[in-house]
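A.B. asks: I'd like to ask some things about the structure below.
None of the figures in this text is laboratory data; all of them are computed from the coordinates on show. Owing to the predicted nature of the structure, the values given are computational and were not obtained by experimental measurement. For neighbour counting, all protein chains shown are included, and Cβ atoms are generated from backbone atoms with ideal geometry for every residue, glycine included.
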Amino acid sequence: MPKYIKKYELTNRKMTLKKGVVLHRIKALRDFASVRRGDLGGWLQSEANLSTDYNLAWISGNAIAYGEARIEGDAWLSGNARVYGNAVLCEQANVEGNAMVYGNATVSDCAKVGENARVFSSAHISGNAKVRGSARVHGEAKVSGEAEISDKAQVCGNAQVYGKSQIFDNAQIYGKAVVKHDARIGGDVMIENSNDYVTIAPIGGGSLTLTRCGMTFSKCFKMTFDELLAECKIKSRPKLYSHQYKQVIRFAIAFFGIGNKEKLATYKTMDSPLQTVHYFTSLLMVLILKLSSSSFLFVFQLVIAL
């Protein structure tokens, strides 16, 4: 059995934080991953902050870990990032840039937290999720799957974001909201529960997310319902996409109760009855085949309401 060789040691190079916490620069004692024996790493308060086992966990650059924070598995902390409190980085998690993870927060699996993002309280980031920009995830919030939280967006409370959802701009997801699938939510939109938005796909070559405040989001644009309708009237636009978008606006206005009866009547006269029936039939067939039963039920309810 090969002799056990400690992964790193605390050097005599010290740094004291404003709170009086004394940190030590670490140095590798053996080769592993891209680290070579003798390489200097980041800063620790004690060996309790970074696993000494035969794994790939490491702290590089000017990154800092202190308090009861723990970095284990194959997790990496780099750049100027900080992990403290009772926070945990595990498996193949990566925290970089100027990001901070603290409180009782956990970053696991292959999740990444970077740039100026903050993850704190009891939040959990997992899967292949990404939190970047100046985004904040806190409370009991969970972000997983391939979801991405960016810009100045916030996810908090008991909210959950997963699938391939993207939350950006100044959007806030809070309360008991569950955002999933391919939802894209941005602007100054606030989502408190799952009835505040709906995502319909496939449409216009992708997916379309509609919110109670009258905003629509796709991979290419973010518009109000009125702006989207005006865009549909441009003759150079593909007729199929324009027709689909107009019908979706009808859905949203009826479901969310946005606007007045006169406005709803205007949207209802956008297409001929035959076009409308054809579109409803096509959309329902696609939803039966590709979307979840809950999504199909939502659209079915809308059709009945109309």
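A.B. asks: Quick check: residue separation of K14 and L29 times 0.36 nm, minus the Cα distance between them. What number comes out in nm? The partial results should precede the final answer.
C.D. replies: Working: separation 15, 0.36 × 15 = 5.40 nm, distance 1.84 nm.
Gain on extension, K14 to L29, equals 3.6 nm.
A.B. asks: Take the Cα of E227, step 7 Å along the line toward its Cβ, and report every residue of segment 173-188 whose backbone nitrogen sits under 18 Å from that point.
C.D. replies: Backbone N within reach: 184-188.
A.B. asks: If R0 is 41 Å, what FRET efficiency do you get for E140 and R36 from their C-beta distance, rounded to 0.05? Intermediate results must be reported in sequence, preceding the final value.
C.D. replies: Details: r = 41 Å, r/R0 = 1.00.
So, using R0 = 41 Å, E works out to roughly 0.50.
A.B. asks: Can you compute log10 of I(q)/I(0) for segment 1-108 with the Debye formula, treating each Cα as one identical point scatterer, at q = 0.10, 0.13, 0.16, 0.20 Å⁻¹?
C.D. replies: Those come out to -0.24, -0.40, -0.62, -0.97, one per q.
A.B. asks: What FRET efficiency, computed as 1/(1 + (r/R0)^6) with R0 = 41 Å and r the Cβ-Cβ distance, is obtained for T52 and N158, rounded to the nearest 0.05? Show your work: numbers first, answer last.
C.D. replies: Numbers: r = 36 Å, r/R0 = 0.88.
Rounded to the nearest 0.05, the efficiency is 0.70.
A.B. asks: Among V22, V248, V178, what is the fewest-to-most ranking by other Cβ atoms within 10 Å? Before the final figure, lay out each step's value.
C.D. replies: Working: V22 12, V248 23, V178 18.
Neighbour counts put them in this order, fewest first: V22, V178, V248.
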